[in-house]
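First comes the structure, then the notes that go with it.
Nothing in this text is a laboratory measurement; each read-out follows from the coordinates by a stated rule. For clarity, every value in this text was computed on a predicted model and none was experimentally measured. Heads up, the Cβs are rebuilt from the backbone with ideal geometry, glycines too, and the neighbour counts pull from every protein chain shown.
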Ligand code: UFG
């Protein structure tokens, strides 16, 4: 298959490209490199463009055929979205609308869209299934939910197929140690904890220890980035038979608190990790854990990294690699 991968130079996107290439698919990466890395993609054509640049996008894609698009290009930090909502609505909503417009004018009708658990807001059930109420508590989640609504309507009105995959907390790295998570600034928990394990002077902060959870810190469902990539290809294959709109929650179905993650990292790094407790971070839900039954069944998704320690080990391998 020939796949267009907007955001293919980013963390999850680059693992998607690698996963698809390893299975013989031809990938074209579209990225503005605002947060992506050139070193993270190899052996593929790169189109350097921002999705908001309608004219250049149209010029670059005109007349080109793709079997489908797997779309990761977005702003994705909860905290930043609270401070700069306009940036999130413009990039994530208007950018996706441009992309879909371009797809439809080139007769490309299959889209896998990178959505998020942040569309649910504060959970009202222990584990979050696909039909859980959707009340995002930050502009990032709101922007992704808007895109989901937009795609549902576009699928109903046209011969267009979209699969939305709502990730819980992506973590880990490719087994080669060649690509992994690098953000600047890094805001995600596991990389920050592992960096603290590697440095003599830790500046690790825990954002809030007064949440209504057993140890007071937030609980998240960590899912390996290669398992996410697997689900995207499966989602794509499923769309060949199941037309129209669908959405799946991608997590392992187990929750770990911030303190539990730190403990796990200490064991794997064999090092005590210093931290300070700070105020809660705006936009954080206390608990986000997936009910992943539908994805396992409908996509035939078979995550390899079901144990949080294996996910942390894979991230640790990356953090110790030359490339990181
Ligand atoms: N945290 C810390 N210290 C840090 C970093 C994070 O205490 O240095 C805490 C956060 O407050 C949160 C938890 O660790 O409670 C996880 O935070 P991350 O930043 O790693 O991940 P988020 O849960 O905020 O966000 C991730 C994705 C979002 C997605 C969300 C859905 O980045 O895109 O998961 O679960 F929406």
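According to the square roots a ≥ b ≥ c of the eigenvalues of the Cα gyration tensor, what is the shape class of segment 80-164, taking rounded for a/c under 1.5, prolate for a/b larger than b/c otherwise, and oblate for the remainder? Can you show the working numbers first?
Numbers: a/c = 3.01, a/b = 1.42, b/c = 2.12.
Oblate, because a/c is 1.5 or more while a/b does not exceed b/c.
Could you tell me the distance between the Cα centroids of segment 3-32 and segment 108-131, to the nearest Å?
Answer, in whole Å: 22.
Kindly express, to the nearest 10 degrees and within the range 0 to 90, the angle between helix 95-105's C-alpha long axis and the longest C-alpha principal axis of the chain.
30 degrees
At residue 59 and residue 39, where each label point lies 7 Å from the Cα along Cα→Cβ, what is the point-to-point distance in nanometres?
Simple spin-label model gives 3.1 nm for this pair.
Hey, what angle do you get for helix 139-157 against the long axis of the chain, alpha-carbon based, 0 to 90 degrees rounded to 10?
Roughly 30 degrees, rounded to the nearest 10.
Add -39500 (n - 2.57) for each DSSP H run of 4 or more in the chain, then divide by its residues: what number comes out at 222 nm, to the nearest 500 deg cm²/dmol? Numbers along the way, then the final one.
Working: 11 runs with 117 residues, N = 324.
The helix-only estimate for the chain comes to -11000 deg cm²/dmol at 222 nm.
Which shape class applies to the chain: rounded if a/c is under 1.5, otherwise prolate when a/b exceeds b/c and oblate if not, where a ≥ b ≥ c are the square roots of the Cα gyration tensor eigenvalues? Each step should come with its number before you reach the end.
On the way: a/c = 1.67, a/b = 1.43, b/c = 1.17.
Since a/c reaches 1.5 and a/b is larger than b/c, the shape of the chain is classed as prolate.
Across bins of 5 angstrom width beginning at 0, how are the C-alpha pair distances of segment 17-61 distributed, in whole percent?
Each 5 Å bin holds this share of Cα pairs: 5, 21, 28, 20, 17, 8, 2.
For the peptides 143-150, 21-28, 67-74, what is the packing order when you average, over each peptide's residues, the other Cβ atoms within 10 Å and list the highest mean first? Don't skip to the end; give the middle numbers.
Values: 143-150: 20.9, 21-28: 15.1, 67-74: 25.0.
Averaged packing, sorted descending, gives the order 67-74, 143-150, 21-28.
Among rounded, prolate and oblate, which fits segment 193-249 when a ≥ b ≥ c are the square roots of the eigenvalues of its C-alpha gyration tensor, a/c under 1.5 means rounded, and a/b larger than b/c means prolate? Please report the intermediate quantities before stating the final value.
Numbers: a/c = 5.24, a/b = 2.08, b/c = 2.51.
Judged from the Cα gyration tensor, segment 193-249 comes out oblate (a/c at least 1.5, b/c at or above a/b).
For residue 101 and residue 323, compute 0.36 nm times the residue count separating them, minus their Cα-Cα distance, and round to one decimal in nm. Present the calculation step by step, with values, prior to reporting the outcome.
Values: separation 222, 0.36 × 222 = 79.92 nm, distance 3.70 nm.
My answer for the length gained is 76.2 nm.
Please express the Cα-Cα pair-distance distribution P(r) of segment 16-150 as a list of whole percents, one per 10 Å bin, running from 0 to the bin with the greatest distance.
Bins of 10 Å from zero give 11, 38, 34, 16, 1 percent of pairs.
By average Cβ neighbour count within 10 Å, what is the ranking of 165-174, 37-46, 213-222 from highest down? Present the calculation step by step, with values, prior to reporting the outcome.
Working: 165-174: 24.2, 37-46: 15.4, 213-222: 19.7.
Result, highest mean first: 165-174, 213-222, 37-46.
May I ask you to derive the relative contact order of the chain, considering only C-alpha pairs under 8 Å and at least 6 residues apart, and to give it as an integer percent? Write out the running numbers ahead of the final one.
On the way: 668 pairs, mean separation 63.6, N = 324.
Relative contact order for the chain comes out at 20 percent.
Once both labels are modelled 7 Å past Cα along the beta-carbon direction, what's the residue 21-residue 302 spacing in nm?
Placing both labels 7 Å along Cα→Cβ, they lie 2.5 nm apart.
Label 7 Å along Cα→Cβ of residue 131; segment 277-301 residues with amide nitrogen under 18 Å?
Only 290-299 pass the distance filter.
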